């Protein structure tokens, strides 16, 4: 029998786990994501903030990695995402990209444009997006509807893929009066729908729907033919799901949100928990609308 200690010694300290063989996995691209959306295959997204966890998530089969400004809360200990800077987002995007590159990862890499980095003008948004794209992002994400439509169009026309974000938008949590479900009631739902269609028409290829009633999210998903909806607290009817990595591993600070499932429960390790998350999103068992949605 081989000596386990000798085998371990042959693996240099700090070596990242290998991704799936290139023969069985191809790098994600906008056309491949659009094809998944058209075929009704669920898209799996998870946040990542460093090289090692990015590599583990990629190997587990996570298709989209989001370098979220949620890092302000889970990594920096801030009370909200508002204090996250563009330079911080650049640093973490570079870190995640290096992790994927070291293991020939296949995940699609999305980076959040932080608060204040795209609000002044379309030109400011272009500069900020260029910083994150040059750091390794394949797509940038921005929050809000209405005034952001022209910005999305401006970026897309210049070759920058955009993911929009409606519903609960954490960067404007103070204006929203806290972390509350959005789109409840006829007028609120109609406005959210109008903004979603406008963002799709402007060229947004993906749309995060956060804390939106499940029925509304499902309706929008059926209506938006060219923009894949990614839900977080928006029910199982969206085209895909995203969670904050720390939350799905059960290590978030404070009480976990209603829409989170702790995938570490019963899992022997982090890699297996991520694999369980991928399977649950793919087979539709997560989220369970009776537990995780409104």
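Laid out as a table, the results:
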| read-out | value |
| --- | --- |
| Any hit, segment 169-191, residues being closer than 23 Å to residue 112 by Cα, at pLDDT 95 or above, in contact with a helix residue (DSSP H, G or I) (Cβ under 6 Å, 6 or more places away or on another chain) and not in a loop (DSSP other than H, G, I, E, B) | no |
| Per-region count, segment 196-222, residues closer than 24 Å to residue 292 by Cβ and either in a helix (DSSP H, G or I) or modelled with pLDDT under 95 (or both) | 10 |
| Whichever residue in segment 73-90 is assigned to a helix (DSSP H, G or I) and without any contact (Cβ under 8 Å) to a residue 40 or more places away in the chain and, among such residues, is surrounded by the fewest Cβ atoms within 10 Å (Cβ to Cβ) | 87 |
| Some residue of segment 91-102 being at pLDDT below 95 and either surrounded by fewer than 24 Cβ atoms within 10 Å (Cβ to Cβ) or within 14 Å of the chain's Cα centre (by Cα) (or both) | yes |
| Criterion violated by residue 159 - all others in (1) modelled with pLDDT of 95 or more; (2) under 28 Å from residue 260 (Cα atoms); (3) surrounded by fewer than 20 Cβ atoms within 10 Å (Cβ to Cβ) satisfied | (2) |
| Search result, residues across segment 260-287 that are outside any helix (DSSP H, G or I), under 21 Å from residue 107 (Cα atoms) and touching a residue at least 40 places away in the same chain (Cβ under 8 Å) | 284, 286 |
| Residue list for segment 238-256, restricted to those being within 20 Å of residue 75 (Cβ to Cβ), touching a strand residue (DSSP E or B) at 6+ places or on another chain (Cβ under 9 Å) and in a loop (DSSP other than H, G, I, E, B) | 244 |
| Residues that are out of contact with any helix residue (DSSP H, G or I) (no Cβ under 6 Å at 6 or more places or on another chain), in a helix (DSSP H, G or I) and crowded, with 18+ Cβ neighbours inside 10 Å, drawn from segment 134-156 | 148 |
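The values are calculated or read from the model by the stated rules, or taken from the named source; none is laboratory data. Since this is a predicted model, take the numbers as computed values, not measurements. Quick reminder, even Gly has a Cβ in these numbers, built from the backbone with ideal geometry, and neighbours come from all protein chains shown.
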